[in-house]
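Enquirer: Shown below is the structure under consideration.
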Amino acid sequence: MYFAKAVKSSKPKRRKGKSSKKKEKKVVKEVDILSPSAMLNAYYICHNAPACLEFRGFPWPGAPKKKGKKGK
């Protein structure tokens, strides 16, 4: 039996269908950070007031910057 080797073409493959779709902007919804569900979440994840404010997007003035996690 004779098997032919697969040869990769230098041309990129084109996708079928419409390639130019209009992207819709995502609507940002206002979230109440003092709602009962948000308070319950904060109760379990925050250890003190500065941590709670930092999780909610209000960093404590003069707090050291967090280092990001290293990617895999």
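The values are calculated or read from the model by the stated rules, or taken from the named source; none is laboratory data. Just so you know, these numbers come straight off a predicted model, no measurement behind them. Positions of Cβ are backbone-derived with ideal geometry, glycine not excepted, and every protein chain shown enters the neighbour counts. These area figures cover heavy atoms from the full protein model, side chains too; ligands, DNA and RNA do not enter into them. Shrake-Rupley method; radii C 1.70, N 1.55, O 1.52, S 1.80 Å.
Enquirer: Starting from residues that are part of a loop (DSSP other than H, G, I, E, B) and closer than 23 Å to GLU30 by Cβ, keep the ones in the stretch 42-64 and report whichever is most open to solvent (accessible area, probe 1.4 Å).
Expert: Here the residue is PHE58.
Enquirer: Give me the pairs, please: first residue somewhere in the stretch 41-61 and touching a residue at least 60 places away in the same chain (Cβ under 8 Å), second residue anywhere and surrounded by fewer than 14 Cβ atoms within 10 Å (Cβ to Cβ), beta-carbon distance under 7 Å, and either six or more positions apart or on two chains.
Expert: Note: no pairs meet the criteria.
Enquirer: LYS26 - would you say it is exposed (fewer than 10 other Cβ atoms within 10 Å of the Cβ), at pLDDT 65 or above and part of a loop (DSSP other than H, G, I, E, B)?
Expert: yes
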